[in-house]
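Read the figures in this text as sums done on the coordinates, not as results from a lab. Remember, it's a predicted structure, so these values are computed and weren't measured experimentally. Here Cβ is always computed from backbone atoms with ideal geometry, including for glycine, and neighbour counts include all displayed protein chains.
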Amino acid sequence: MLLYGIFRPIGLTWIRIRHRLDRANKLELKQVDLPGHGTLSVDESLDFVGDNCLRTNLLIKLVLDKAIAGAVYEISSDNLSAVETIPFMLPNCDCEHLATIHESTCRKIYIRKRKPQTSPTESKSRPHGRQR
Amino acid sequence: MSSLSCNTVNASTPPMIVTEPRNVIRAFLVLGFFALVSLSTFVVDHRFIYFSAYLWFGFIYGMSLQYGRFCMASAIRDLFAVGVPRMAVGIMIAVVLYSLISAFVTVAGQSNFHPSPIGLYSVIGGLIFGIGMVYTGGCASGSLYKTGEGSIAALLVVISLSFAQVYVADAGGWLNHLVPTAWVQSTIAKNLPAVITPTDGWYDQFTAGYIWNLSGNTVGKMLGFTNSIAAAFIGNSLLNAILPAAIILAGIYLRWYRKSYLRGNEVQYRGFRTELAGFWSMITASKRTAIAGLVLGVAAGLHMWVMDGLQHRLGISNAGELLSGMGFTSGLSIQDTIFDPGYFYITTQEAQGAAWIVQKLGFNVMDNVFFGLDNGVPNPLLNPVLWMSIALVGGSAVMALLNNEFKLKMPSLEVATWAIFGGILMGIGARVGLGCNIGAFFATVTNGDPSGWLFCLGMTVGGFIGVKFFNWWIERKMAKELAAFDL
């Protein structure tokens, strides 16, 4: 209990510093060049490398459900099962799958939250839930 | 700006996989190792062909499972957690195909399938197994193929699952107090050999005093079909596998797929025609999983055919006879048998492997019904069914290497803890349910045994509970982290 009392403030301060550093890094938006979509700014990068599939899928769902329309997400995961499932869960989160990048250490999946009202031409270009 | 044009793929174009030369070499090394094992053992004694048959079917299972990311945990978890039916659909495709091939094998008189007794134990075992597999992130077969991909967390699942089974099968002591009197009396009445101490051990009395009193049969026989073709194709395949699978698929379509299909495609609704198109779209949504289901179903059916054919050819009914004939009598059960199902199975051989290690550490694991009377504890190098599991890992590794997907992944402490805890639950569930997602579900429902659906029911409920708990855990953790920033 005493040790907890000593180390807790240190731990919380460290978390706050890390959070601020992360936020500062995020202010500089990353840009990616995706075929068929041109150059896009990544609003948020989510790193799930090392996580199991359930945790990866659930956290992504939580984030995407609350995402702002038009926001682009970059998701890094080395869990092949999760990588395979993510494109299929996007229609339920009102998101679209832009691309999956094969990197040596992980896969990077690019996702965009759809605008509330999509034009018919846009939705026709993406047959639902179909893996190609 | 970071440009990712190199090795970049669009969502609408399939990724071009160019296998790295070193991965091709590694894949061939793995393949070469299994080929060498097959050839050299055959040269030593031609009867090792029986072992090699298990080995190569295991290799095919591993390749198919890895290719389709085929996993029962994923099937249940993705439905309840994120509403994705991809894997559940693939598994139902495999069930339908395996049942059709099994019906052919049964009609040809080449089936060595034995139905399990029907009872509540299947539901309870499935429930415990289902909760465990959601925590680990992989079912029994899924953990094996993920081990082949280089996941150490999956290896931890396999290890904890194996040793948990040994504990359940052999533990006595305080667990004896949990045995109902009726089971004790029923066990005593069976006059089992004293060497296996049948009244010492919860699992012994569960098996001898409860399970053996239950009866089970295939649907074809239950319905009294006298014609073997009707029994196999109508009773076992159509009524016990194809119809339930079709009902489950229809349920999945209505609950998880239909709404988003109609919304996503903005189709003009034409009644049943549109529904049928939507249903087909769900079936073909993930070609990869569907193809894996197809290969797995056909291979599992052929496996039974080949093993039964080899048994006839070698004049045996159990691999224990082969081992005795070769002069290897150590580790055989008191009936001179070892575990030899003759079809796709996962957990029992892993328990045997763990039991062999426990025995080498000086513990007696043969004084029980599970190992001492039924399955034996052969040397892992002489356990044909364990050859299948090892080759499954190898097959998965080869497929992963050829797709540049092999990666040695060390788990975080949290992932490792979940893997071990979930693996223990899976081991307990597998023993209580007399098998895992393969032995107690996949291989049973496809051979006309309705007990598999009871295990599936328990596994689904367990999966649902597991997902709900995990969701609560994650949200609680996130809320805690966010609260820390507000301080």
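Taken along the Cα-to-beta-carbon direction at a fixed 7 Å, the label points for B:Phe363 and B:His312 span 4.2 nm.
Let's see if you can work this out: charge +1 on each Lys and Arg Cβ, -1 on each Asp and Glu Cβ, no other charges. What is the dipole magnitude of region B:335-487 about its Cα centre, in debye to the nearest 20? Intermediate values should be presented prior to the final figure.
Values: 8 positive and 11 negative charges, 79 e Å.
In debye, rounded to 20, region B:335-487 gives about 380.
Based on C-alpha pairs under 8 angstrom that are at least 6 apart in sequence, region A:29-124 has a relative contact order of 27 percent.
Counting only residues at least eight positions apart within a chain, or on another chain, the aspartates and glutamates with an alpha carbon under 13 Å from that of B:Lys190 are B:Asp204.
Across every pair of different alpha-carbon atoms, what Kirkwood hydrodynamic radius in Å does the protein assembly as shown reach? Don't skip to the answer; put the middle values down first.
Numbers: mean 1/r = 0.0387 Å⁻¹.
Its Kirkwood hydrodynamic radius stands at 25.8 Å.
Based on the convex hull around the alpha carbon atoms, region B:163-264 presents an average projected area of 12.2 nm².
Shape analysis of region B:92-203 based on the Cα gyration tensor places the equivalent ellipsoid semi-axes at 31, 25, 14 Å, largest first. For the pair region B:28-94 and region B:191-255, the centres of their Cα atoms are 24 angstrom apart. Stokes-Einstein, applied to the Kirkwood radius of region B:58-148 over Cα pairs at a viscosity of 1.002 mPa s and 20 °C, places its translational diffusion at 144 µm² s⁻¹.
Per-residue mean of other chain beta-carbon atoms within 10 angstrom of the beta-carbon, peptide A:106-113? Each step should come with its number before you reach the end.
Working: counts 1, 2, 2, 1, 4, 1, 0, 0.
Whole-number average of other-chain Cβ neighbours for A:106-113 is 1.
Starting from the Kirkwood Rh over alpha-carbon pairs, what translational D in µm² s⁻¹ does region B:375-487 have by Stokes-Einstein at 20 °C and 1.002 mPa s?
On the way: Rh = 17.8 Å.
Estimated via Stokes-Einstein, D reaches 120 µm²/s.
Other residues with beta-carbon under 15 Å from the beta-carbon of B:Met133 carry, at +1 per Lys or Arg and -1 per Asp or Glu, a net charge of +4. Each peptide among B:90-102, A:89-101 gets the average number of other Cβ atoms lying within 10 Å of its residues, and from highest to lowest they stand as B:90-102, A:89-101.
Binning the alpha carbon pair distances of region A:29-124 at 5 angstrom intervals from zero yields the distribution 3, 13, 26, 26, 19, 9, 3, 1, expressed in whole percent.
When Cβ neighbours within 10 Å are restricted to other protein chains, what is their mean count per residue of peptide A:30-43?
Working: counts 2, 4, 6, 6, 6, 8, 4, 2, 0, 2, 0, 1, 1, 0.
Neighbouring Cβ atoms belonging to other protein chains average 3 per residue here.
Under the convention that each Lys and Arg Cβ holds +1 and each Asp and Glu Cβ holds -1, the size of the dipole of the protein assembly as shown around its Cα centre is about 1920 debye. Among beta bridges identified by DSSP and lying wholly in the protein assembly as shown, the antiparallel ones come to about 80 percent.
Here the 3J(HN,Hα) profile of region B:323-337, calculated from phi with Karplus coefficients 6.51, -1.76 and 1.60 at θ = phi - 60°, is 4, 4, x, 8, x, 9, 9, 6, x, 6, 6, 5, 9, 6, 10 Hz, Gly and Pro shown as x.
Determine the sum of side-chain charges near B:Ala164: Lys and Arg each +1, Asp and Glu each -1, restricted to other residues whose C-beta is under 13 angstrom from that of B:Ala164.
Numbers: positive: B:Arg431; negative: B:Asp170, B:Glu350.
With Lys, Arg at +1 and Asp, Glu at -1, the neighbours total -1.
Computed about the Cα centre, the dipole magnitude for region A:29-124 is approximately 260 debye when only Lys and Arg (+1) and Asp and Glu (-1) carry charge, each at its Cβ.
Kirkwood hydrodynamic radius, region B:428-480, all distinct C-alpha pairs: what's the number in Å?
Details: mean 1/r = 0.0812 Å⁻¹.
After inverting the pairwise mean of 1/r, the radius is 12.3 Å.
Taking the three principal axes of the alpha carbon atoms in region B:264-307, the coordinate ranges are 51, 19, 6 Å, sorted in descending order. Projecting label points 7 angstrom from Cα along Cα→Cβ for B:Met478 and B:Asn404 puts them 3.2 nm apart.
Write down, largest first, the equivalent ellipsoid semi-axes of chain B in whole Å, where each equals the square root of 5 times an eigenvalue of the alpha-carbon gyration tensor.
Working: eigenvalues 255, 142, 139 Å².
Equivalent ellipsoid of chain B: 36, 27, 26 Å, largest first.
Counts of other chain beta carbons within 10 angstrom of each beta carbon in peptide B:408-419 average 2.
When region A:29-124 is described by a simple charge dipole with +1 on each Lys and Arg Cβ and -1 on each Asp and Glu Cβ, the residue from A:Ala67, A:Val32, A:Asn57 located farthest towards its positive end is A:Ala67.
Of all alpha-carbon pairs in region B:220-321, indicate the percentage at a distance above 15 angstrom. For region B:220-321, the fraction of Cα-Cα distances above 15 Å is 76 percent. Derived value for region B:268-422: Kirkwood hydrodynamic radius 19.1 Å. Basis is the mean of 1/r over every pair of different alpha-carbon atoms.
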